[in-house]
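Take a look at the structure set out below.
The values are calculated or read from the model by the stated rules, or taken from the named source; none is laboratory data. These numbers come from a predicted model, not from an experiment. When we count neighbours, we look across all protein chains shown, and the Cβ atoms used for this are built from the backbone with ideal geometry, even at glycine. Surface areas here come from the heavy atoms of the whole protein model, side chains and all, with no ligands, DNA or RNA. Shrake-Rupley method; radii C 1.70, N 1.55, O 1.52, S 1.80 Å.
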Amino acid sequence: MQHGRGETTVPHAGQWRHPDGQPSGDRGRKTPPTHPVVLVLDKHGRPLQPCTPARARKLLAAGRAVVHRHTPFVIRLKDRTLSESEIQGVEIGVDPGSKATGVAIFTTQADARTGLLCIEVRHRGGQIRDKLTARAARRRGRRSRNLRHRQPRFSNRARQKGWLAPSLRHRVDTTMSWVDRLRRWAPVTRLHVERVAFDTQLLQNPAIHGVRYQAGELAGYEVREYLLEKWKRRCAYCGASGIPLNIDHIHPRARGGSDRMVNLTLACVPCNQAKGSTPVDVFLTGRPVVLARVLRQSKTPLRDAAAASSTRWALWRALTGTGLPVQVATGGRTKWNRHRTGAPKTHTLDALHVGALDAVTRWPGTALVATSTGRGSYARTRPDRYGFPRLHLPRTKQVYGFATGDLVHAVVPSGVKRGTHTGRVAVRTTGSFNIRTTTGLVQGIHHRHIRLLQRADGWAYTHQPEGEPTHARHEPTGPHPASSRP
């Protein structure tokens, strides 16, 4: 990618697609993957400096520590207090997203970061939106079936300043929930967060932060990040995706076109070279539908990006309320940092690269994926396909000491279901439970074969190799490297 006009030639084997075409600084240097660290508490439950899995394994084997929490793995020392320990402190980076948010714990020495723990928080904002839409439809249906008129009340309800829709508020609340958890388990000294995806003031006024800042490499990344969001990471002319994209002028500069955002789009290498300085209406002759779409989309604002930006600002305000120093950055800066270090594109590695940094020495080879599942519902019955109740749910949540949503480990010695199964349990009053693992659903496991690992907390946990995309296949949540037992 060459910023400015942003032309990209077809890369040959081994070529780096970076602003100068060659690795510089830490680019291209392969960082060895490491195991995620183990979070440590003193005997009073106060956070200490995290340790390696090997160190935690020795402490557990010697009887100096006990398991405080299974996922994420936290141990508690029995013979150490906070005043007797040396604390270096850790920092947290947050990369807010629409469907998932990346959270990374790292240490910083001389502007070089070392990743310790990566967590991908997956939200359920889409489910909340669908449930609210279904609830509104049911209420509307009840009003019409009762054959009476009642004025709608949605238009005369006062909303306080800073109000967010429930699906958006959920993203802020779940992210803050994990930040508060990590503050209880680790000595956090500073927070880093992406407040905006791109600097719109910088795009409109190049001199707002200095001409040198605008003319450097980072400004090109701000422009590209804006266009990638606006044009959905596809070629505007042929719709190709997953390939190098150039920044193209809809009205060519050779014919008087400007460099404003409304005149910029993304084009693949063949389309960009074929168009050249040809006017867009001439280039798209014979494709009026594509021409109308390009002209229409060039003037449309980023509504989805505006919603994400409002969530980022609300999250920033919530983080500043913690009392810790909060450093803000843009998504364009994060992308620039990733290209400098050669890191792949993931939510967790984006969180590790938020803000100003010089290098990233290493990061964990495995990321923890925490999916929001909720804590159940208020429904006391199960309906059939016609909506009539077919069974009633018990009023007691625990059955034989287990509740639906608990993280359990089952060892079945014989039979069709022989083997080990780790996952979230769904209890039944008969004592024969179902376990939802990452590979599927295992039904009919007797409670005497099941051992509790962790009580239900509204989250489902899996692990995935760091560097894989979000849709990659997840590995089952098994024993932590620091523990000899599952």
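What to note about this one:
- Pairs meeting the criteria (first residue in segment 246-270 and in contact (Cβ under 8 Å) with a residue 60 or more places away in the chain and closer than 21 Å to residue 233 by Cα, second residue loosely packed, with under 15 Cβ neighbours inside 10 Å and among the hydrophobic types (A, V, I, L, M, F, W, C), beta carbons under 9 Å, at least 6 apart or on different chains) are 269/10; 269/243.
- Of all residues in segment 246-258, those being on the phi < 0 side of the Ramachandran plot, outside any helix (DSSP H, G or I) and exposed (fewer than 13 other Cβ atoms within 10 Å of the Cβ) number 1.
- Inside segment 82-96, residues that are in a loop (DSSP other than H, G, I, E, B) and open to solvent by 20 Å² or more (accessible area, probe 1.4 Å) make up a count of 4.
- One residue from 452, 441 being open to solvent by 50 Å² or more (accessible area, probe 1.4 Å), aliphatic (A, V, I, L, M), free of Cβ contacts under 8 Å to residues at least 24 places away in the same chain and in a strand (DSSP E or B): 441
- Residue 432 touching a residue at least 12 places away in the same chain (Cβ under 8 Å) and more than 30 Å from residue 34 (Cα to Cα): yes
- Picking from residues in segment 292-346 that are surrounded by 13 or more Cβ atoms within 10 Å (Cβ to Cβ), more than 22 Å from residue 117 (Cβ to Cβ) and polar (S, T, N, Q), the one that is modelled with the lowest pLDDT is 309.
- Criterion (open to solvent by 70 Å² or more (accessible area, probe 1.4 Å), modelled with pLDDT of 50 or more and in contact with a Gly (Cβ under 8 Å, 6 or more places away or on another chain)) met by exactly one of 58, 78, 43: 78
- Residue match in segment 10-28 (condition: modelled with pLDDT of 50 or more and in a loop (DSSP other than H, G, I, E, B)): no
- Candidate set: segment 142-166, residues that are within 23 Å of residue 126 (Cα to Cα) and open to solvent by 100 Å² or more (accessible area, probe 1.4 Å); chosen: the one modelled with the lowest pLDDT: 154
- In segment 389-413, the residues that are in contact (Cβ under 8 Å) with a residue 24 or more places away in the chain and among the hydroxyl-bearing types (Ser, Thr, Tyr) form Cβ pairs under 8 Å with partners that are assigned to a strand (DSSP E or B) and open to solvent by less than 20 Å² (accessible area, probe 1.4 Å), at six or more places apart or across chains, as follows: 404/425.
- Candidates 174, 189 - the one that is under 16 Å from residue 319 (Cα atoms), touching a strand residue (DSSP E or B) at 6+ places or on another chain (Cβ under 7 Å), at pLDDT 75 or above and not in a helix (DSSP H, G or I): 189
- You will find that of 414, 377, 432, the residue that is at pLDDT 90 or above, open to solvent by 50 Å² or more (accessible area, probe 1.4 Å) and among the polar types (S, T, N, Q) is 414 and no other.
- Filter result for residue 97 (among the small types (Gly, Ala, Ser), out of contact with any Leu (no Cβ under 7 Å at 6 or more places or on another chain), at pLDDT below 95 and at positive phi): no
- Number of the exception - residue 418 against (1) in contact (Cβ under 8 Å) with a residue 60 or more places away in the chain; (2) in contact with a strand residue (DSSP E or B) (Cβ under 8 Å, 6 or more places away or on another chain): (1)
- Among the residues making up segment 109-125, a single one is free of Cβ contacts under 8 Å to residues at least 60 places away in the same chain and surrounded by 12 or more Cβ atoms within 10 Å (Cβ to Cβ): 125.
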